[in-house]
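> Questions regarding the structure given below will be posed in turn.
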Amino acid sequence: MIDQFPQLLVSGLLTGTVYGLVAVGYSLVYSVLGLVNFAHGAIVTLGAYTTVILIGDAGWPIPAAAAAVVLIGVVAGLSIEQFAYRPVRAGGAVQSLITALGVYVVIENFLALVFGSDSKNLPSTMTASVIMLPLGVRVTTVQLATTVVGVLMMVGVQAMISKAAVGRRLRAVADDPGRAASAGVNIGAVLRLTFGLGSALGALAGMFIALDTGCNPYMGGIIGFKAFAACAVARSVNTQAAVAVAVCIGVAESLVVGYLSSEYRNAIVLGVLTLMMLLGGGALPTWEGRARAP
Amino acid sequence: MRLRDVFVFLSLLLLAACDGGDRSTSSEIITIGAALPLTGGTSYYGQDSKKGIDLALDEINGKGGIGGSQLKVIFEDSLGNGQGAVSAVRKLIDFERVQVIIGCGTSTETMAAAPVVEQAQRVLLSPVSSAASLSTAGDYVFRTVPSDGQQALDLAAWVREAGISKVAVIFVNQTWGNGLKDGFVEAFKAGGGEVLDAEATELGETDFRAHVTKLASLSPDAVIAVLYAKEGGLFVKQSRELGASSPIFGADPWTKADFLATAGDAAEGIRFTTPAKYRGPEYDAFAKAYRTRYNADPGIYDAHGYDALNVIAAAMTSGARTGPEIRQALMGVSFRGATGETSFDVNGDVPTKGFARMTWEGGHAVPATKPPTSP
């Protein structure tokens, strides 16, 4: 049984990287806005559909499609922020939460209406080649590219947050929006940047999933929930912790299926979340809205 | 406030006047229901059956309908799950007042709908559902496809004949998957084989890598995958990507092009059992009409949808119009059509039909003749 461990670990790390990419978007928005952006899962689905349609149906090369995916993610994210969240922000956190869920349902059903509730896959002629790693571990080129690009993006975002000027402003708003505003920070611009960046990463995560296993209108739900669980466990303020937990969820799923039973695969996330809530007391992020920006 | 009351009263009056009564027994049109998964992960069952039904409908009406009355089929989407099936069947029975329903798709759906039709005494005839448990699901449940009780025996026999004695099984945690898995395991062990493990997966699963790794670590001679078409294709593809090279056997949904679409090149040489294609003049006539109308070759479930409506029409020719009457008439029907001879036993099954051994070769599902070897 030991011989499956390296492969299980690697498969889990690869899946976890995708979860991590989605978790970054969740975490960024929460840390700056105090909003649990449940619509984030829908952005992932949008990215996946864009990928399948542009690469599969329209025959675009991958780099061009990736650019389009990022664009669509950013546009969708900013639109949601502008038209769905901004108007209800003054109403409090519960209102924002319900709006977020509503946006998710609308996007999900819109996709099902337009493209059918069936799953779509890339043409069978587009198969990824297999790469052999040590210890008998095998990965596909798609999986490897996903991990490399994903890790680079997450590292890049982290570097931006901690070192760049715009990152300083982001952290200022996250810490204390009132003081940041009086120090001259453009709160609105920071919020837009946060949403745009988070959504771009979420849409890219959708692209990576689609390249591997295609898309369906409901895929955003469970993935969004896993990313949310990662944020909740990491108390959501620290993006690096959220990513680390997300990767752990991916690995845990793989090991549970490999060593226990595949029936518990999705239960692992729920189990971890429940455990954290029981142990940590206030493990879930508090619901009060944090940045009451204009 | 008074104006509002008047408005409400008038609306209620209008609604009451709209009640259509028992439409299905009017002398003008006979209405038949169809509860099939037109959307969702198993929509290929519903869409294929619908094509067959539509073709049969036009043919029957073109020949004058049933006893001079034209036929009409009302389709409801059963969504591919139990709740959707119950919803669809309820709507057809309560609102459309049909006496017979063609449905459903997956065995989960049909098993969920079975108690509803049984209590309402309406006939449910499935062109797709193969789970063995359907045989005892009720007096009003029929099907045109053979039972998995037979498929389990056929599949186990095929695997044993190939000289394979140790297998690992992966199955979808649905009525069909559980039933066929249980049947196969029992038959395979009875034949002297060993089942090393049976892993459950959920409907719609896309990442099987951990499952593949686990099953491969047990070193089976073959893997038996009781999965639907898309999931099966992804499982096969990921198996080959991860270097799991033992032969893989699948079951009836793998006849669908959706399997090929997700498996890609990995589909080559994959073996599966599926309801046997009937080769006779009735099938040829059906296939010709199908090609003319749809500009494509018919699949197994298109043929079964076609026969389902024809069988109902045959039962109703004698004058049967209510659920109990149609049920009685169906027991005596013997219809030779696109899927061969359809005649029902006391359980509503078709014991005369069988399964065929097939394989994917060069992008086509063909009868399997070569003995299974590792790719």
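The values are calculated or read from the model by the stated rules, or taken from the named source; none is laboratory data. For clarity, every value in this text was computed on a predicted model and none was experimentally measured. For neighbour counting, all protein chains shown are included, and Cβ atoms are generated from backbone atoms with ideal geometry for every residue, glycine included. Keep in mind that these areas ignore ligands, DNA and RNA; they rest on the heavy atoms of the full protein, side chains included. Shrake-Rupley method; radii C 1.70, N 1.55, O 1.52, S 1.80 Å.
> My understanding is that a pair violates if its Cα-Cα distance is over 22 Å; which of B:Lys181/B:Lys256; B:Lys63/B:Lys288; B:Lys189/B:Lys277; B:Lys181/B:Lys214 do that in this structure?
Checking Cα-Cα distances, B:Lys189/B:Lys277 exceed 22 Å.
> Further, regarding this structure: Round to the nearest 10 and give me the degree value, 0 to 90, for the angle of helix A:93-115's Cα axis relative to the longest principal axis of chain A.
So the inclination is approximately 40 degrees.
> Charges on Cβ only, +1 for Lys and Arg, -1 for Asp and Glu, centred on the Cα centroid of the protein assembly as shown; of A:Phe208, B:Gly362, A:Leu170, which one is farthest towards the dipole's positive end?
Ranked along the dipole, the leading option is A:Leu170.
> Give, rounded to the nearest 20 debye, the magnitude of the charge dipole that the protein assembly as shown has about its Cα centre when Lys and Arg contribute +1 at Cβ and Asp and Glu contribute -1 at Cβ.
Charge dipole, the protein assembly as shown, about its Cα centre: 1920 debye, nearest 20.
> Once both labels are modelled 7 Å past Cα along the beta-carbon direction, what's the B:Asn61-A:Arg192 spacing in nm?
So the two model labels end up 5.6 nm from each other.
> Rounded to the nearest 500, what is the 222 nm mean residue ellipticity of the protein assembly as shown from helices alone, with -39500 (n - 2.57) per DSSP H run of 4+ residues and division by all residues?
Estimated from H runs of four or more residues: -18000 deg cm²/dmol.
> Determine the percent antiparallel among the DSSP beta bridges restricted to the protein assembly as shown, to the nearest 5.
Close to 35 percent.
> Which listed residue (B:Pro115, A:Ser124, B:Tyr44) has the Cα farthest towards the positive end of the charge dipole for the protein assembly as shown, taking +1 on Lys and Arg C-beta and -1 on Asp and Glu C-beta about the Cα centre?
Sorting the options by dipole projection puts first A:Ser124.
> Report, in whole Å, the centroid distance computed from the Cα atoms of the range B:181-235 and the range A:114-158.
Measuring centre to centre over Cα atoms gives 24 Å.
> The range B:47-126: D in µm²/s via Stokes-Einstein (Kirkwood Rh, Cα pairs, 37 °C, 0.692 mPa s)?
Answer from the Stokes-Einstein relation: 250 µm²/s.
> A follow-up question, please. Quick check for me: using +1 on Lys/Arg Cβ and -1 on Asp/Glu Cβ, what's the dipole size of chain A about its Cα centre, in debye to the nearest 20?
880 debye
> With chain A treated as a Gaussian network of Cα nodes joined by springs under 10 Å, which of A:Leu135, A:Leu255, A:Leu204 yields the largest mean-square fluctuation?
Highest fluctuation among the options: A:Leu135.
> According to a simple spin-label model (label point 7 Å from Cα along Cα-to-Cβ), what is the distance in nm between A:Val130 and A:Leu278?
Each label point is offset 7 Å from its Cα along the Cβ direction, giving 4.1 nm.
> Taking the Cα centre of the protein assembly as shown as the origin and placing charges on Cβ (Lys, Arg +1; Asp, Glu -1), which of B:Leu79, A:Ala230, B:Ala190 is farthest toward the positive end of the dipole?
A:Ala230
> With +1 on the Cβ of every Lys and Arg and -1 on the Cβ of every Asp and Glu, and nothing else charged, how large is the dipole of chain B about its Cα centre, in debye rounded to the nearest 20?
420 debye
> Once both axes come from the Cα atoms, what is the angle between helix A:141-163 and the longest principal axis of chain A, in degrees from 0 to 90, rounded to 10?
20 degrees
> In degrees, nearest 10, range 0 to 90: what is the angle between the Cα axis of helix A:165-175 and the longest Cα principal axis of chain A?
The two axes meet at around 70 degrees.
> Let me ask something else about it. Other chains near A:135-141: what is the mean number of their Cβ atoms within 10 Å of each residue's Cβ?
Across A:135-141, the average partner-chain Cβ count within 10 Å equals 3.
> What average number of partner chain Cβ atoms lie no more than 10 Å from the Cβ of the residues making up B:31-39?
That average works out to 1.
> Here's another thing I want to ask about it. Note the full-extension length gain between B:Gln70 and B:Ile29 as 0.36 nm times their separation in residues minus their Cα-Cα distance, in nm to one decimal.
Going from the current span to full extension adds 14.3 nm.
> May I pose another question? Counting only protein chains, not ligands or nucleic acids, how are A:Val106, A:Val139, A:Val70 ordered by accessible area (probe 1.4 Å), most first?
I get A:Val106, A:Val70, A:Val139, largest accessible area first.
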